[in-house]
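Asker: Can you read through this structure? Questions will come right after.
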Amino acid sequence: MNNKQAEEVLKTINKSISLSQGNIFQLRKDFEQLYLKFSSKQELNVKIQNVSDIPGFKICAEHARDDHIILFFHGGSFTTGSTKEHLDLCGKLSHASGFCVFSIDYRLAPEHKFPDAVEDCLMSYLWLLKKGFEPSQIVLAGISAGGTLALSTLLSLRDSGVELPAAAVCMSPVVDMLFEGHSIVTNRGKDWITQERLEMSRKVYLKGNNLTQPLASPLYADLHGLPHIMIQVGNHELLLDDIIKFYEKAIDSDVKVTFELWKDMFHSFQIFSSAVEEGQNAIQSAGEYIKKMLLE
């Protein structure tokens, strides 16, 4: 790796978190401390707006509009994560796009199993419709597991006959729970997530469900009829080959896809944008894309 910023961030992550440990509750604390360490000092307007029993937060950067909305799903391998940890990313997305973000804290495993998180994300979209937003005024966005949930929500909406949002932004989504892409091997040591961590999260989240169930592994879904999707991925990610395979299938299914491959970048690099220039550039790109999808 020639990117010194990326090297330093990876060192910090590896020192801060032991992904080999099986204690999910300790991992939650470790990730929260890590992500907050990389948060920038933004002036944000944050309001609590719960969706029934689901914690929800409206996050607006200065001068952001709220006549359109970004519905955001955080990352964390379906077992960790919260809006609090991703507040910096949400704020930067709001600033880059010019629109407010609505983020939910969907239910996590092991306390809850698949498809509870999918149901929470689906409910949050329907809640926004009840609040008066038109589908064309909403863009879904998510990172890592949140990117998966954005795709799962699109599939659920389409299959339920509900009008789809304008577009979706998926940052480093998990698209295949089989983890069969060759990059699992070739990118070992270049990424901060590990195969062991991926397999542990899969076991806890799915709890015996079919690994190729489309709402868990969107790669195996019928993708026809989905709206425009942006995919961002780093070329050092373990999940790279799976994501490329999903992208190719989406194109073959006549889905319009904007695909961005970021050199020397690792899983969910946008979260570390305060220390990695490419992270901020990727967020800016996503913001411009969202603006285009909502206003044109």
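Asker: Between N281 and F25, how many nm apart are label points set 7 Å from Cα along the C-beta direction?
Answerer: Label-label distance for N281 and F25, simple model: 4.3 nm.
Asker: A further question on this structure: For a quick check of your reading of the filter: which GluC sites (Glu not before Pro) in the range 8-103 sit in a DSSP loop and have no more than 15 other Cβ atoms within 10 Å? Please list the in-between numbers first.
Answerer: Working: sites: E8, E32, E43, E62, E85; in loops: E43, E62, E85.
When the GluC sites (Glu not before Pro) of the range 8-103 are filtered for loop state and at most 15 Cβ neighbours within 10 Å, E43, E62 remain.
Asker: Structure shown: which of K58/K245; K37/K207; K47/K130 lie over 30 Å apart, alpha-carbon to alpha-carbon?
Answerer: Values: K58/K245 34 Å; K37/K207 32 Å; K47/K130 18 Å.
Violating the 30 Å Cα-Cα cut-off are K58/K245; K37/K207.
Asker: So, one more: Tell me the net charge near P110. Cut-off is 15 Å between Cβ atoms, P110 excluded, with +1 for each Lys or Arg and -1 for each Asp or Glu.
Answerer: Working: positive: R28, R107, K113, R197, R202, K203, K207; negative: E111, D116, E199.
Once positives and negatives cancel, what remains is +4.
Asker: Follow-up question, since we're still on this one. So which trypsin sites (Lys or Arg not before Pro) in the range 27-84 are both in a DSSP loop and have at most 11 other Cβ atoms within 10 Å of their Cβ?
Answerer: K41
Asker: Let me ask you something else. Roughly speaking, what is the centre-to-centre gap between the range 261-278 and the range 200-237 when only Cα atoms are used, to the nearest Å?
Answerer: Each part's Cα centre sits 21 Å from the other's.
Asker: Summing Lys, Arg as +1 and Asp, Glu as -1, what charge do residues with Cβ under 15 Å from the Cβ of I184 carry, I184 excluded? Mind dumping the intermediate values first?
Answerer: Details: positive: R188, K190, R197, R202, K245; negative: D176, E180, D191, E196, E199, E237, D241, D242.
Here the charged neighbours net out to -3.
Asker: Taking the Cα centre of the range 133-273 as the origin and placing charges on Cβ (Lys, Arg +1; Asp, Glu -1), which of T186, S172, V204 is farthest toward the positive end of the dipole?
Answerer: So the residue furthest toward the plus end is V204.
Asker: In nanometres, what is the gap between the two model label sites at E111 and K130, each 7 Å from Cα along Cα-to-Cβ?
Answerer: Calculated label separation equals 2.2 nm.
Asker: What distance in nm separates the simple spin-label points at K47 and Q5, each placed 7 Å from Cα in the Cβ direction?
Answerer: Each label point lies 7 Å from its Cα, and together they span 3.4 nm.
Asker: Let me ask something additional. In the neighborhood of D222, defined by Cβ-to-Cβ distances under 12 Å, what is the net charge if each Lys or Arg adds +1 and each Asp or Glu adds -1? Walk me through the numbers before you get to the answer.
Answerer: On the way: positive: R158, K249; negative: D159, D252, D254.
Charge balance near D222 sits at -1.
Asker: Could you order peptides 181-191, 221-231 by the average number of other Cβ atoms within 10 Å of their residues, highest first?
Answerer: Numbers: 181-191: 16.5, 221-231: 19.4.
Top to bottom by mean Cβ count within 10 Å: 221-231, 181-191.
Each reported figure results from applying straightforward, stated rules to the coordinates on display, with no laboratory input. All of these numbers come straight from a predicted model, not from anything done at the bench. All Cβ positions, even for glycine, are placed from backbone atoms using ideal geometry, and neighbour counts span all protein chains on display.
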